[in-house]
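**Student:** The following block contains the structure, expressed as structure tokens.
What follows draws every value from the coordinates through simple rules; no lab data is involved. From a predicted model like this one, the values you see are computed outputs, not experimental measurements. Cβ sites come from the backbone with ideal geometry, for glycine too, and all protein chains shown count toward neighbours.
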Amino acid sequence: MFTFEDARNSLKGHGSVLPKMTHYRGKFLSKYPWFASLVMRLELVERNDIPTAATDGVHLFFNQSFLDQQTDEQAFGLFA
């Protein structure tokens, strides 16, 4: 089972991705405030063992390589 500590450890060394995801989450907040209230509760977790992105209702998991290939609009769509 993937634990909270695993999530923390998976972020080490990946400082450039979280600001990008945080930017998209903030943009979502300003455009869709009601839905964003749900999205803001998701913990952003970078995972290289998944091909794209996923959520379990608590975390928003994403693959950095996948995110790097997306346009801003496509990456923004992960929160929709």
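**Student:** Compare the Cα positions of His59, Phe79, Pro33 along the charge dipole of the stretch 30-80 (+1 at Cβ of Lys, Arg; -1 at Cβ of Asp, Glu; about the Cα centre) and return the one farthest towards the positive end.
**Tutor:** Pro33
**Student:** A further question follows. Quick one: net charge around Ala36, please, counting Lys, Arg +1 and Asp, Glu -1 for every other residue with C-beta under 11 Å from its C-beta.
**Tutor:** Net charge in that neighbourhood comes out at +4.
**Student:** Sticking with this one: Please give me the summed charge of the neighbours of Met21: other residues whose Cβ is under 14 Å from its Cβ, Lys and Arg +1, Asp and Glu -1.
**Tutor:** Combined, the nearby Lys, Arg, Asp and Glu give 0.
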